[in-house]
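Written out below as structure tokens is the structure these notes cover.
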């Protein structure tokens, strides 16, 4: 059985907060769950990571350039917000229907380069994606291992839209200690035939499973997944970077 | 807590099999789970649905046309297999890198129009997607309600590749009795701000969560999800058709 349980009691995060410590404390206070054990996975909405790392920009400090002003007019968006998005982009793939689809500096293809459309309450600031989400995952894994005696698998998530399908799904933008992909190619299926072209995006499915377990208002950024031991690794592994399809193999850019 | 438990004991399915009866029997035999209760969701790999519905084609009966022969040569595929794919397609979006990305008759964008690359053992036949997966879900839901006294949510899945990301993820091709999409637009988030542009692809995330719980060789086509009551509906609902983005709103066709 696979289970996904949101942790209660993670406070509003501020730059510099020790998120690892807060997570371990929240786990200890969760009376219905045993302590962290080998094979556990923690799935974490990137916003708390970004905030702890100070990946926040005050819109008041942003000077919109010509391109941001033009795009903002075309898309009916705030030019300050568009400038922040452009600063997080390596490429704009589409700017249409009021939507800006970007390739982020990390290589993720998503709306608004992952810059949150809503501001941090009372600050006029927007939250960016972590600069290096795989490094964030590795650091958090190390910190939690230090405090809890076990290194959990870590998946850092964001909600991405998808080509061709309505609705957003949570996917992995960073991970450590879990297989981002589970490669079944060459292995026999249940009928003993070789499975072809089957590589499962495990970290993305962990992200989606955790999202379903969260409260509707998303006040639960951290979700504990149990029963996924077979996807957990002893080392940090390649991270969610392995989930990015290289441009040369991409039929839809 | 959300949980996903694969059902043991679903046999190899043949055309005409009463899948609802087999699932209810498998549930009854599952000693570690209580009987089906209100709010349960059953996530089912489409292959068993397709087989029960006879959605199988013998390659020996296929006559490849000129387009199939040309595409097969270009992509290094079997012309018989390509002809079956073309018969399931309304449009070929890409034919490159050995990959055929199609719009199926239902409107799904996926590789090979969902036609399984491997044949059914000993038959030389390939398995197609159900003709109307939402109808399949509704029928199965009705049959299980008849036998078990409760109508579960039903999600029928396939593994789809994604634009821009490596690896496949299970998604919903049919559903009944669950919200395919959970629309949070206009609702306040945890900080009391209005959430914008947030529509969660619940049925797809249920599909992905179930896939993680399955045995690696995928001999477990049916997964029971508990703790997802808030996504379960009294009526059949709009089905997975609601997850298909209309072509007019699609920036990547």
(message) Please go through the range B:59-71 and give me each residue that is at pLDDT 95 or above and in contact with a strand residue (DSSP E or B) (Cβ under 8 Å, 6 or more places away or on another chain), ordered by number.
(response) B:71
(request) Enumerate the strands (runs of 3 or more DSSP E) found wholly within the range A:25-106, keeping only those where 3 or more residues are surrounded by fewer than 17 Cβ atoms within 10 Å (Cβ to Cβ) and out of contact with any helix residue (DSSP H, G or I) (no Cβ under 6 Å at 6 or more places or on another chain). (result) A:89-96
(message) Tell me yes or no: at least one residue of the range A:173-196 is out of contact with any strand residue (DSSP E or B) (no Cβ under 7 Å at 6 or more places or on another chain) and modelled with pLDDT of 95 or more.
(response) yes
(request) Go through the range B:148-183 and give me each residue that's at the interface with chain A (Cβ under 7 Å from one of its Cβ atoms) and part of a loop (DSSP other than H, G, I, E, B). (result) B:163, B:164, B:181
(message) Condition (residue is in a loop (DSSP other than H, G, I, E, B), facing chain B (nearest Cβ under 7 Å) and at negative phi) applied to the range A:224-234: is it met by at least one residue?
(response) yes
(message) Exactly one condition in (1) modelled with pLDDT of 95 or more; (2) on the phi < 0 side of the Ramachandran plot is false for residue A:237; which is it?
(response) (2)
(message) Quick test for you: out of A:243, A:251, pick the one residue that is under 26 Å from residue B:114 (Cβ atoms), at pLDDT below 95 and within 7 Å of chain B (Cβ to nearest Cβ).
(response) A:251
(request) Take the range B:201-220 and flag every residue that is at the interface with chain A (Cβ under 9 Å from one of its Cβ atoms) and modelled with pLDDT under 95. (result) B:215, B:216, B:217, B:218, B:219, B:220
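The values are calculated or read from the model by the stated rules, or taken from the named source; none is laboratory data. The model shown is predicted, which means the values in this text are computed figures rather than measured ones. Note that we place each Cβ from the backbone using ideal geometry, even for glycine, and neighbour counts take in every protein chain shown.
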